[in-house]
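All of the numbers you see were taken from the coordinates with simple rules; none came from a lab. Predicted model, so just to flag it, every value in this text is computed and none were measured. Cβ placement follows ideal geometry from the backbone for every residue including glycine, while neighbour counts extend to all protein chains displayed.
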Amino acid sequence: MRLTLLAAPALLCAAVTAQAQDVPATTAGQEALAILTEAIEVPTVAGRGEVPRLAALLTDRLVQSGFAQDDVSFVPLGETGYLTARYSGRDRSAGPIVVLAHMDVVEARAEDWERDPFTAVVEDGFVFGRGALDNKADLSMVMAALMGLKREGWIPARDIVLLFTGDEETQMRTTAAAAKAFANAALVLNADSGGGQLDADGKPFVYTVQAGEKTYADYRLTLTDAGGHSSRPDDTNPIVDMSAALSAIGAYQFPPKLSPLTKAYFEGTAATASPEIAAAMQAYAADPADQAAIATLSARPEYVGQVRTTCVPTMVEGGHAPNALPQSIRANVNCRIFPGTSRAEVMATLTQVIGNPAIAIEFIDNGTLESIESPLQPEIMAAIRAAVEERAPGLPVVPGMSAGATDSMHFRAQDIPALGVGATFIRAEDGFAHGLNERLPLATLDPGVQQWRKVLTTIAR
Ligand SMILES: [Zn+2]
């Protein structure tokens with residue numbers, strides 16, 4: 001069966017701003033909603049062993065649309081695993097384009113939700129349910145896009161591999177394994193980051209492409225002492241000394257850094273910022289030594305992370321009795337490190353800032369990797385711009401760096417460019433990823449499938 005797709009940009013735009021609708025207008029959007037509904041109803045929370053069941057349901061759909069059974073495979077890993085579907089291209093020797101999404105979701109307790117989190121409920125123009133936004137929406141849209149192209153007989157220039165991981169929210173072991181299996185990928189398009197932001201009235205105002213993320217790091221600071229009776233204080237007190245160390249860290253500013261990615265981010269974001277901030281962004285992008293611009297941007301919590309590495313004390317635990325000198329104190333310092341700076345360098349800086357050799361500092365390994373930025377390849381960026389332009393004419397497309405860790409880091413660590421190009425457009429006030437009453441605006445499904453279609457057919461034409 002050949003799908004009828006709405007191609008007229010005006011109609012797609014109308015769909016974005018439509019009030020409440022219950023069903024997507026296009027067959028492709030309806031298919032995405034069917035996949036999303038089915039996916040929400042499989043509770044793929046870590047530890048419940050449900051990822052293989054969802055993978056089997058998705059496999060059935062892919063095979064029905066024309067993927068060969070042999071081209072779709074599930075690789076189990078403990079109670080979870082990852083799913084791949086290979087869409088063969090003309091040049092089988094070229095490295096594939098990997099389209100990345102994740103099947104797992106964060107836990108949701110039914111008693112806290114207004115509706116059952118694992119029943120997809122369509123209401124007031126939204127689909128409600130755990131994973132409705134993160135990440136089953138884009139998973140469904142990109143799947144619907146490729147299934148439609150498969151039915152139509154489109155053949156890409158090179159292989160496209162759909163890769164759905166199974167523990168992105170927790171261990172990322174499936175991601176690490178899959179990244180090794182696809183070490184020959186030419187490009188990764190991640191459906192789990194990037195996307196469009198709508199203003200309060202539902203009008204798109206910016207589209208973000210995630211091209212880098214900061215390195216996550218926790219450092220544990222420990223100081224111990226013999227202690228003693230609090231009526232007989234001496235000049236060694238771990239609480240006092242640790243307080244001085246933490247105050248020094250709180251006051252310290254890492255040197256500002258400007259990379260090709262953050263330069264493009266500030267240049268692009270200036271168009272959507274207030275005049276004062278816009279001027280600072282333009283000045284900083286033009287001259288990374290502009291102290292006034294650095295001060296203006298660093299004073300804003302939403303921009304300071306784009307200017308420099310940040311480290312903040314986040315936890316303290318110490319002392320053992322109200323009337324005893326403390327025998328030990330421990331603190332956690334959480335850092336978001338600018339790509340290109342190593343965790344070892346940051347630890348050396350912290351050691352220097354603390355200036356107290358009695359305080360032991362140790363890096364806590366949580367399995368995340370050190371980040372590098374992906375290059376902004378002009379032809380790839382042009383394809384993304386064209387797809388967004390079709391959906392929302394004139395919308396700024398801005399590359400950016402996120403603060404958290406996504407599946408992309410496992411590919412970037414292998415020098416494979418990875419870009420977050422999700423097709424969900426949503427208002428900030430509707431974004432409840434990981435939270436209660438997670439929801440997706442239904443109106444994003446039709447243009448979202450079309451955006452994926454356009455991105456893939458342009459990049460792999
Ligand atoms: Zn996610």
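Under Stokes-Einstein, with the Kirkwood radius over Cα pairs as Rh, the value for the stretch 108-225 at 4 °C and 1.567 mPa s is 71 µm²/s.
Provide the FRET efficiency to the nearest 0.05 for the D124-N323 pair, computing r from the beta carbons and using R0 = 51 Å.
0.30
Between the amide H of A157 and those of R90, R461, distances stay under 5 Å, these residues lying 5 or more places away or on another chain, with hydrogens modeled in the peptide plane. Provide the net charge surrounding E317, with neighbours chosen by a C-beta distance below 11 Å and charges set as Lys +1, Arg +1, Asp -1, Glu -1. With Lys, Arg at +1 and Asp, Glu at -1, the net is +2.
Taking the chain on its own, what percent of its Cα-Cα pair distances exceed 35 Å?
Roughly 36 percent, once rounded to a whole number.
In straight-distance terms, cross-link reach from K263 covers every one of the aspartates and glutamates whose alpha-carbon lies under 12 Å from its own, apart from those fewer than eight places away in the same chain; here that gives D287.
Excluding same-chain neighbours fewer than eight residues apart, the aspartates and glutamates reachable from K454 by a Cα-Cα span under 19 Å are E31, D138, E152, D159, D192, E379, E389, E390, D446. Backbone phi angles across the stretch 445-451, fed through the Karplus curve with coefficients 6.51, -1.76 and 1.60 (θ = phi - 60°), yield HN-Hα couplings of 5, 4, x, x, 4, 5, 5 Hz in residue order; Gly and Pro are listed as x. Potential lengthening of the chain between T457 and R427 amounts to 8.0 nm, from the contour at 0.36 nm per residue minus the alpha-carbon distance. Measuring from a point 7 Å past the Cα of H229 along Cα-to-C-beta, which residues in the stretch 320-341 have an amide N at less than 13 Å? Under cut-off, by backbone N: 323-325.
Given the C-alpha centroids of the stretch 393-442 and the stretch 164-196, what is the distance between them in whole angstrom? The stretch 393-442 and the stretch 164-196 have Cα centres spaced 13 Å from each other.
For L369 and V304, calculate 0.36 nm times their separation in residues minus their Cα-Cα distance, and state this gained length in nm to one decimal. Before the final figure, lay out each step's value.
Numbers: separation 65, 0.36 × 65 = 23.40 nm, distance 2.18 nm.
Contour length minus the Cα-Cα distance gives 21.2 nm.
Rounded to the nearest whole Hz, the Karplus-based 3J(HN,Hα) values (6.51 cos²θ - 1.76 cosθ + 1.60, θ = phi - 60°) of the stretch 129-143 follow the sequence x, 5, x, 3, 9, 10, 9, 6, 5, 5, 4, 5, 5, 6, 5, with x at glycine and proline.
Please give the helix 51-64 orientation as an angle from the longest Cα principal axis of the chain, in degrees from 0 to 90, rounded to the nearest 10. The helix 51-64 is inclined about 30 degrees to the chain.
With K and R counted +1 and D and E -1, the other residues having a Cβ less than 13 Å from that of D234 yield a net charge of -2.
The stretch between E362 and K150 holds 71.2 nm of extra length on full extension. This uses 0.36 nm per residue minus the Cα-Cα distance.
For the chain, averaging the sequence separation of C-alpha pairs within contact (under 8 Å, six or more residues apart) and dividing by the residue count gives a relative contact order of 25 percent. With K and R counted +1 and D and E -1, the other residues having a Cβ less than 10 Å from that of A186 yield a net charge of 0.
Compared with the dominant Cα axis of the chain, that is its longest principal axis, helix 260-269 is turned about 70°. The relative contact order of the stretch 329-461, computed from alpha carbon pairs under 8 Å that lie at least 6 residues apart in sequence, is 26 percent.
Using DSSP to call loops (not H, G, I, E or B), can you name the trypsin sites (Lys or Arg not before Pro) in the stretch 246-329 whose Cβ has at most 10 other Cβ atoms within 10 angstrom?
Of the trypsin sites (Lys or Arg not before Pro), not one in the loops of the stretch 246-329 has a Cβ with at most 10 other Cβ atoms within 10 Å.
For the stretch 32-155, what log10 I(q)/I(0) values come out of the Debye formula at q = 0.18, 0.19, 0.20 1/Å, with one point per alpha carbon and no solvent? Log10 of I(q)/I(0), two decimals: -0.97, -1.06, -1.14. Whole-Hz Karplus values for the stretch 111-121 come out as 5, 8, 8, 6, 10, 4, x, 10, 10, 6, 10 Hz, taken residue by residue from phi with 6.51 cos²θ - 1.76 cosθ + 1.60 and θ = phi - 60°; glycine and proline positions read x.
Per the Debye formula on identical point scatterers at the alpha carbon atoms of the stretch 308-461, with no solvent, log10 I(q)/I(0) at q = 0.10, 0.16 Å⁻¹ is -0.59, -1.06. Axis of helix 343-354 versus longest Cα principal axis of the chain: the two differ by about 30°, to the nearest ten degrees. Along the axis of the charge dipole computed for the chain (Cβ charges of +1 for Lys and Arg, -1 for Asp and Glu, origin at the Cα centre), the listed residues L350, G89, P393 are led at the positive end by G89. Computed per residue of the chain from DSSP H runs no shorter than four, each worth -39500 (n - 2.57), the mean residue ellipticity at 222 nm is -10500 deg cm²/dmol.
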